[in-house]
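Engineer: After the structure tokens below, expect a handful of questions from me.
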Amino acid sequence: MTAATLVAPLRLRAGGFRRRLGDNLMAYGFLAAGLLCFALFSWYPLVRSITLSFQQDNLVTDPQWVGLDNYRALFADPLFLTAIRNTAEFTGLALIFGYAVPIGLAILLNELRHFTTYFRLAVYLPVMLPPIVSAMLWQFFYDPGQGLFNTLLHGAHLPESQWVQSPRTAMLSLVLVSTWANLGGSTLMYLAALQSLPPELYEAAELDGAGLWQRIRRVTLPQLRFIMLVMLLLQITATMQVFIEPFQLTGFTNPDTITVMTLIYRYAFAVNQDFGLAAALSVLLFVVLSAFAAIYLRITRERSA
Amino acid sequence: MKRRRLLALTSIAGLALTAGACGDSAPAQTSGPVTITVNNMPPETEALQRKNFLADVAEFEKLHTDITIDPKEGKMDPATFSARLAGGQLENAFYVYFTDPAGLIARKQAADITPYLKEFPSVSQIKPNLLDVFGDGKGRTFGLPEGNYTMGLVYNRALFQKAGLDPDKPPATWDEVRDYAKKIAALGGGVNGYGDYSKNNTGGWHFTAEMYTRGGDVAARGADGKWTAAFNNDTGRAVLQQLHDMRFADKSMGERQLLEWADLLQQMGAGKLGMYLATADNIPTIVAQYKGKAEDYGFGPVPGGQGTLGGGGGYMFSPKSTPAQVKAAMAWVLFRHANPDRIEFGKQRDAADKQPVGLPEPNIFTGAAGQAYDAASKKYANVPTQNFAPFVAAQASIPLKLEPPDAQKIYAILDPMMAAALTKPDADVTKLLADAEKQVNAILATVQQ
């Protein structure tokens, strides 16, 4: 092969590259901006959190590498297990209440023929309240002395409850607040899915003599299966990060309701002022949530394949 | 703790009578012009306090032509402190409570002001035990006190009268507190006899105060210099058992628990609470913010009277400041908050502004400055001082005790114990104390000797 035959294709390739570069310059520009934003606001904090979890850092002098000390301190803290247990309890209770209620509500709203806009607005309204306001509102509802719930129970001659004050009912009470505050969004998503179902399925079911319950069981629920699965994973991911309800209603020093996120806050800002310890717990939470995210991605890929 | 908001902003403030009467605010040894940021400027909603603050800034800048002050609102907030420090946003002089310095010093998050103290002779008129709060135990100082407090018993005189109790004789013992609380709660209508905290560190703070009143301690230092928990004993049991009995047997504390700082002030302002442990400066807040009637509130010594918890606030300095900024910030703090030469005018201005003067609070000065402070407080008093007579009469005989080391961490552990005693009918106080003791000892083992 001569030198001339070698150079010609190289020139061609270089010319093609320049042309492609020119054609895609704007696309690369957009990509770079996106990459920069992700790098700055997502990836850098993530990497920084992981490195911080192996450091002791007062944010003034140079950070000290402490190896696995933060993780050891974390596992040695009795509150760590308490927080995990409480978070699991909250997540479990939230699944029982917060997961089933929006599905039922969506089906109910879908069946309604009158005042549909009003009911949809009523269901969605709590989502529009800032979460801290919802928590404070329920603080008044739960007041064992003069609160709304006990006043109603008293009026109905029913036994009153200590709500968030009693370790037996505290977690359930927090789940109720969370369910009320968040069900609007889930309900609307289910409702949208329901309204996209082909009406022929229901007509066929009715022709076959299916009643309401059978229509729900044999048509609605199987058709909602995918969105229900996605919502399940999203809800688990969200409830494992519960913070505002326990923080506002029972505080960051209450072991009956302290959650992983409340414990992170307590480590970093409220009691220990130890960012390394807080970062270590954040990293553990990140690993667990990543596992859920992986399952979620796999399911959505299978679905779209 | 969250306290001393109103008074701290105004009580020790005042314009210098003459330029020559500015004490240590005489030229700070700065080299060339310097600009400093300081916090604790009152927000615009507190127009009067803000006006006085800015007048003081102008006066200070007039006396120190080489220093420019850039004032900021707010105080040191543990939730944002480290991030602001790291981001270079922390003020050169920032307000802290007495519970903060130990942690900030241990984490090297405050500037060492020891080398500059000799340039400010008036520091010698500040009570040494208050300066110690800002020390590292090794002779170094990291801050200056601004004010301090001791606990007493705030009580509602009107409810005392309704319950057939003498409003001039608050309970002197914890047995009397229990008895009085029962009588007050018997008035009905949602009135509670006694109130206490159990959330977000305030429960631990009050448990500590109640231990002190009974002659107990939360942490004690042994002969070997090591700190250990000191509350798992009969005194600790008495504190918790009494609260539990008042809550569940007497039903004199109301059903609503897990309370924190503002809750009891609110109940007191609404006329729904008979008594609670607090500092005297709660009273103006109850009146101004929670719409109580000033003449309704009395202030007595802590029941038991064997010790009273002392706390307060002051200023520390950003470790990122230059030496010139630290010295200028110290000059500002001493000019505005700890200036023996401005005591008289400060009280005069507060009285003219109808701000509370004459509350039975300890002052930060010793010797001649201390006497001048007491005399000025008496001269310009505008609060019903006769209602505080029980406190004043007993206070001198009650020993003052400061908070334990690593106080906030310890309070966080003691909180659940208080919450359990006040919310669990079957609470086992002996077990609660033993569990908390183990955790507190783990914290105290890390305290620097």
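Here, each number is a calculation from the coordinates, and none is a lab measurement. The structure displayed is predicted, hence computed values, not measured ones. Quick reminder, even Gly has a Cβ in these numbers, built from the backbone with ideal geometry, and neighbours come from all protein chains shown.
Engineer: Among residues other than A:Gly29 whose Cβ falls under 15 Å from its Cβ, what is the net charge (Lys/Arg +1, Asp/Glu -1)?
Structural biologist: The answer is 0.
Engineer: What distance in nm separates the two pseudo spin-label positions at B:Asn382 and B:Ala352, each 7 Å out from Cα along the beta-carbon direction?
Structural biologist: Result for the modelled spin labels: 1.1 nm.
Engineer: Quote the charge dipole size of chain A about the Cα centre in Debye, to the nearest 20; the model charges only the Cβ of Lys and Arg (+1) and of Asp and Glu (-1).
Structural biologist: Here chain A has a charge dipole of around 1300 debye.
Engineer: Choose one answer from A:Ala192, A:Ala76, A:Ala156: the residue with the largest mean-square fluctuation in a GNM of chain A with alpha-carbon springs under 10 Å.
Structural biologist: Result for chain A, Cα springs under 10 Å: A:Ala156 fluctuates most.
Engineer: Here is a follow-up. If Rh is defined by the Kirkwood formula over all Cα pairs and Rg also comes from Cα, what ratio Rg/Rh do you get for the range B:63-196?
Structural biologist: Taking Rg over the Kirkwood Rh, I get 1.17.
Engineer: Per residue, how big is the convex hull around the C-alpha atoms of the protein assembly as shown? Give it to me in cubic angstrom, could you?
Structural biologist: 246 Å³
Engineer: How long is the gain from A:His157 to A:Arg225 if the chain were fully straight, where each residue apart is worth 0.36 nm and the alpha carbon distance is subtracted?
Structural biologist: Here the answer is 20.3 nm.
Engineer: Once you charge only the Cβ atoms, +1 for Lys and Arg and -1 for Asp and Glu, what is the size of the charge dipole of chain B about its Cα centre, to the nearest 20 debye?
Structural biologist: Here chain B has a charge dipole of around 220 debye.
Engineer: Whole number please: convex hull volume per residue, Cα atoms of chain A, in Å³.
Structural biologist: In chain A, the Cα hull volume divided by residue count equals 261 Å³.
Engineer: Principal axis lengths of the range B:408-449 from Cα atoms, whole Å, largest first?
Structural biologist: So the three principal-axis extents are 40, 17, 8 Å.
Engineer: Rounded to the nearest 20 debye, what is the charge dipole size of the protein assembly as shown about its Cα centre when +1 sits on each Lys and Arg Cβ and -1 on each Asp and Glu Cβ?
Structural biologist: Dipole size: approximately 1640 debye.
Engineer: Still on this model: Determine the calculated [θ] at 222 nm for chain B from helices alone, applying -39500 (n - 2.57) to every DSSP H run no shorter than 4 residues and normalising by the residue count; nearest 500 deg cm²/dmol.
Structural biologist: -12000 deg cm²/dmol
Engineer: Then there is this: Before anything else, pin down the relative contact order of the range A:197-299: Cα pairs under 8 Å, at least 6 apart, normalised by residue count, whole percent.
Structural biologist: Rounded, it is 18 percent for the range A:197-299.
Engineer: Limiting things to C-alpha atoms, what are the Rg and the maximum Cα-Cα separation (Dmax) for the range B:268-344, in angstroms?
Structural biologist: Considering the range B:268-344 through its Cα atoms, Rg and Dmax are 18.7, 52 Å.
Engineer: When every alpha-carbon pair in the range B:333-449 is counted, what percent end up more than 17 Å apart?
Structural biologist: Percentage above 17 Å: 70.
Engineer: Could you pull out every whole DSSP H run in chain A that spans at least 27 Å of Cα extent along its own axis and averages 0.0 or higher on the Kyte-Doolittle scale?
Structural biologist: For chain A, where a helix must reach 27 Å along its axis and average at least 0.0, the hits are A:3-38, A:167-195, A:275-304.
Engineer: Could you tell me the ratio Rg/Rh of chain B? Both radii from Cα atoms, Rh via Kirkwood.
Structural biologist: Ratio of gyration radius to Kirkwood radius for chain B: 0.97.
Engineer: Shifting gears a bit: Using a Gaussian network for chain A with springs between C-alpha atoms less than 10 Å apart, which of these wobbles most: A:Leu148, A:Leu212, A:Leu74?
Structural biologist: Highest fluctuation of the listed residues: A:Leu212.
Engineer: Around B:Lys379, with a cut-off of 11 angstrom between Cβ atoms, what is the net charge of the other residues, counting Lys and Arg +1 and Asp and Glu -1?
Structural biologist: Net charge around B:Lys379: 0.
Engineer: Could you give me D for the range B:340-387, from Stokes-Einstein at 10 °C and 1.306 mPa s, where the hydrodynamic radius is the Kirkwood radius over C-alpha pairs? Units µm² s⁻¹, please.
Structural biologist: 148 µm²/s
Engineer: Still on this model: Gain in length, B:Val392 to B:Lys108, computed as 0.36 nm per residue apart minus the alpha-carbon separation, to one decimal in nm?
Structural biologist: 98.3 nm
Engineer: Sum -39500 (n - 2.57) across every DSSP H segment of at least 4 residues in chain A, then divide by the residue count to get the 222 nm mean residue ellipticity, nearest 500.
Structural biologist: Only helices count here, giving -23000 deg cm²/dmol.
Engineer: Please give the Cα centre distance for the range B:158-196 versus the range A:185-250, rounded to the nearest Å.
Structural biologist: So the two Cα centres are separated by 56 Å.
Engineer: Can I ask one more? Using just the Cα positions, wrap the range A:12-140 in a convex hull and report its mean projected area in square nanometres, one decimal place.
Structural biologist: Taking a quarter of the hull surface, the average projection is 18.3 nm².
Engineer: Could you work out how far apart the two model spin labels at A:Glu89 and B:Ser124 are, taking each label as a point 7 Å from the Cα in the direction of the beta carbon, and quote it in nm?
Structural biologist: Roughly 6.0 nm, to one decimal.
Engineer: Which percent of the Cα-Cα distances in the range B:193-309 go past 23 Å?
Structural biologist: Roughly 34 percent, rounded to a whole number.
Engineer: Roughly how many whole Å is it from the C-alpha centroid of the range B:243-281 to that of the range B:32-63?
Structural biologist: The range B:243-281 and the range B:32-63 have Cα centres separated by 37 Å.
Engineer: Then there is this: In nm, to one decimal, how far is the modelled label at B:Ala375 from the one at B:Lys51, with both set 7 Å along Cα→Cβ?
Structural biologist: Here the answer is 3.0 nm between the modelled labels.
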